[in-house]
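Each remark here refers to the structure printed beneath this line.
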Amino acid sequence: MPRKKKITVVYDESSLDISSELELAFSGKIASDVKASLQDTSTTSVIEQVDTVAEVLTETGYNVSTIITSSDINQLIDKLREEKPDLVFNFCEAIEGDSFQEMNVGGLYELLGIQYTGSNPLTLGSCLNKVRAKEILTFHKINVPSFRVFTSPDEVSLKKLTFPAIAKPIHEDASIGISNVSVVYDRDHLQPLLAEMLKKFKQPVLVEQFVEGREFNVAIVGNEEVVALPVSEIDFSSMPQGYHHIVSYEAKWMPESVEYKSTVPICPAKISRRLEQKIQHTAIKAYQVMQCRDYARVDMRVDKTGKVYVLEVNPNPDLSPSGSGFARSAAAFGWTYSQLINNIVQSAFKRRLG
């Protein structure tokens, strides 16, 4: 009887304190007891996807185990050597909340000679560095919003800017640091926002042109042969007055917030075939240019003239079965959740054979 292939699911449990996120998002407009009642699902999403992926892979016939990372990286090394997996399903996005360590965990798999799902360390690091990603995309003639990088609020008067603009921490993902106050219309409002963000996130701040228009994303699976799943659109039509049409941290992770309830995903997007092809072509090109592997999501905006801008390329995005855009796009394509996970696993195994 042939030996079952062994897959180890490696993940990190988020240790983020979101109290400062709430303060920045609501700017004191609501009472503290209301803020406390808002549920943050970023951590529960990780647990949900790990449990479900492990269950799916077990049902498929793999020998499955899980490892949660800690600050003691030697424990991870010891456990991986003990488990000796044929493949790691890599959900690790940080060590002790430090997203910079995401690419280093990938490097650890490389050094140990362990095959793993998702993108390599260079791609993970490049996509996490929003400026580097934009430079790479621009070199390959993919449209991105114009941008500037700030290390001090005093630089506001020295740099040419296009308004409206949106400010983001340069090295965060999952919409961390993006809230309703992130969109500004002049230098007077940008300067104090920069001062607050630089102090809180302790990293440079990216300020880019805010593309006013429709927001789309495309989930992609594969390597040599890639599959672009149906285009998904974020419907902002129910967003109350005074809230910007953006996917903020609250919109992504806090179901009781106004932003979450007013950013409704529509998949497949109700768009013309021509626009669909244009968006999917742009997404595939961005995926390949950034050298993504196995699966990733590309976020885009389309302005009123029909010009497509890539906002971000997200390797190893959320795969939770309930609520993730990736699972929703797969379902719209006709895949079950089990088929999605197994297609990602097969993509990783094929790379090893290659």
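The values are calculated or read from the model by the stated rules, or taken from the named source; none is laboratory data. Predicted model, so just to flag it, every value in this text is computed and none were measured. All Cβ positions, even for glycine, are placed from backbone atoms using ideal geometry, and neighbour counts span all protein chains on display.
Taking only the stretch 297-307 into account, find how many residues are more than 13 Å from ILE284 (Cα to Cα) and touching a residue at least 60 places away in the same chain (Cβ under 8 Å).
Matching residues across the stretch 297-307 total 5.
Considering only the stretch 50-78, state which residues are under 22 Å from the mean Cα position of the chain (by Cα) and farther than 22 Å from ASN104 by Cβ.
Of everything in the stretch 50-78, those that are under 22 Å from the mean Cα position of the chain (by Cα) and farther than 22 Å from ASN104 by Cβ turn out to be ASP51, THR52, VAL53, ALA54.
Do we find that ARG297 is surrounded by 20 or more Cβ atoms within 10 Å (Cβ to Cβ) and touching a Phe, Trp or Tyr at 6+ places or on another chain (Cβ under 9 Å) in this structure?
For ARG297, the condition - surrounded by 20 or more Cβ atoms within 10 Å (Cβ to Cβ) and touching a Phe, Trp or Tyr at 6+ places or on another chain (Cβ under 9 Å) - is met.
Take ALA327 and decide whether it is without any contact (Cβ under 8 Å) to a residue 60 or more places away in the chain, surrounded by 17 or more Cβ atoms within 10 Å (Cβ to Cβ) and in a loop (DSSP other than H, G, I, E, B).
Considered against the rule, which asks whether it is without any contact (Cβ under 8 Å) to a residue 60 or more places away in the chain, surrounded by 17 or more Cβ atoms within 10 Å (Cβ to Cβ) and in a loop (DSSP other than H, G, I, E, B), ALA327 comes out as no.
Only one residue in GLU256, GLU196 is touching a residue at least 40 places away in the same chain (Cβ under 8 Å), outside any helix (DSSP H, G or I) and farther than 27 Å from ILE341 by Cα. Which one?
Step by step, each of GLU256, GLU196 is checked, and only GLU256 is touching a residue at least 40 places away in the same chain (Cβ under 8 Å), outside any helix (DSSP H, G or I) and farther than 27 Å from ILE341 by Cα.
When you scan the stretch 339-349, do you find a residue that is over 12 Å from the mean Cα position of the chain (by Cα), of a type in the set (Val, Ile, Thr), part of a strand (DSSP E or B) and buried (at least 23 other Cβ atoms within 10 Å of the Cβ), even just one?
no
Quick check on the stretch 12-20. Is at least one of its residues at pLDDT 60 or above, surrounded by 13 or more Cβ atoms within 10 Å (Cβ to Cβ) and in contact with a strand residue (DSSP E or B) (Cβ under 8 Å, 6 or more places away or on another chain)?
yes
Determine if the stretch 247-262 includes at least one residue that is closer than 27 Å to ARG148 by Cα and among the polar types (S, T, N, Q).
yes
For THR151, only one of the following conditions fails: (1) more than 25 Å from ASN316 (Cα to Cα); (2) surrounded by 15 or more Cβ atoms within 10 Å (Cβ to Cβ). What is its number?
THR151 satisfies all of (1) more than 25 Å from ASN316 (Cα to Cα); (2) surrounded by 15 or more Cβ atoms within 10 Å (Cβ to Cβ) except (2).
Give the residue, chosen from LEU128, LEU87, LEU57, LEU76, that is modelled with pLDDT under 95, under 29 Å from PRO2 (Cα atoms) and surrounded by 19 or more Cβ atoms within 10 Å (Cβ to Cβ).
When all the criteria are applied, what remains is LEU76.
Surrounded by 14 or more Cβ atoms within 10 Å (Cβ to Cβ), more than 24 Å from the chain's Cα centre (by Cα) and not assigned by TED's automatic domain parsing to the domain that holds ARG187 - does that describe any residue in the stretch 102-109?
For the stretch 102-109, residues surrounded by 14 or more Cβ atoms within 10 Å (Cβ to Cβ), more than 24 Å from the chain's Cα centre (by Cα) and not assigned by TED's automatic domain parsing to the domain that holds ARG187: absent.
Identify the single condition in (1) surrounded by fewer than 20 Cβ atoms within 10 Å (Cβ to Cβ); (2) within 29 Å of LEU122 (Cα to Cα); (3) of a type in the set (D, E, K, R) that ARG273 does not satisfy, given that it satisfies every other one.
Evaluating ARG273 over (1) surrounded by fewer than 20 Cβ atoms within 10 Å (Cβ to Cβ); (2) within 29 Å of LEU122 (Cα to Cα); (3) of a type in the set (D, E, K, R) leaves (2) as the failure.
For every residue, the table says whether it meets (1) of a type in the set (Asp, Glu); (2) under 22 Å from MET290 (Cα atoms); (3) in contact with a helix residue (DSSP H, G or I) (Cβ under 6 Å, 6 or more places away or on another chain).
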| site | (1), (2), (3) |
| --- | --- |
| ILE47 | no, no, no |
| GLU55 | yes, no, no |
| THR58 | no, no, no |
| GLY61 | no, no, no |
| GLN75 | no, no, no |
| LYS84 | no, no, no |
| MET103 | no, yes, yes |
| GLY113 | no, no, no |
| CYS127 | no, yes, yes |
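Only one of GLU233, GLU225, GLU250, GLU259 is surrounded by fewer than 19 Cβ atoms within 10 Å (Cβ to Cβ) and over 23 Å from ARG132 (Cα atoms); which?
Result of the check over GLU233, GLU225, GLU250, GLU259: GLU225.
Cβ-Cβ below 7 Å, separation at least six or inter-chain, first residue in the stretch 1-13 and farther than 26 Å from VAL46 by Cα, second of a type in the set (Gly, Ala, Ser) and in a strand (DSSP E or B): which pairs?
As it stands, the answer is none, since no pair meets every condition given.
For the stretch 170-185, indicate whether the set of residues that are modelled with pLDDT of 95 or more, within 25 Å of TYR337 (Cβ to Cβ), surrounded by 19 or more Cβ atoms within 10 Å (Cβ to Cβ) and not hydrophobic (A, V, I, L, M, F, W, C) is non-empty.
No, there is no match, as no residue in the stretch 170-185 is modelled with pLDDT of 95 or more, within 25 Å of TYR337 (Cβ to Cβ), surrounded by 19 or more Cβ atoms within 10 Å (Cβ to Cβ) and not hydrophobic (A, V, I, L, M, F, W, C).
Residues SER272, SER248: which one is under 17 Å from the mean Cα position of the chain (by Cα) and small (Gly, Ala, Ser)?
SER248
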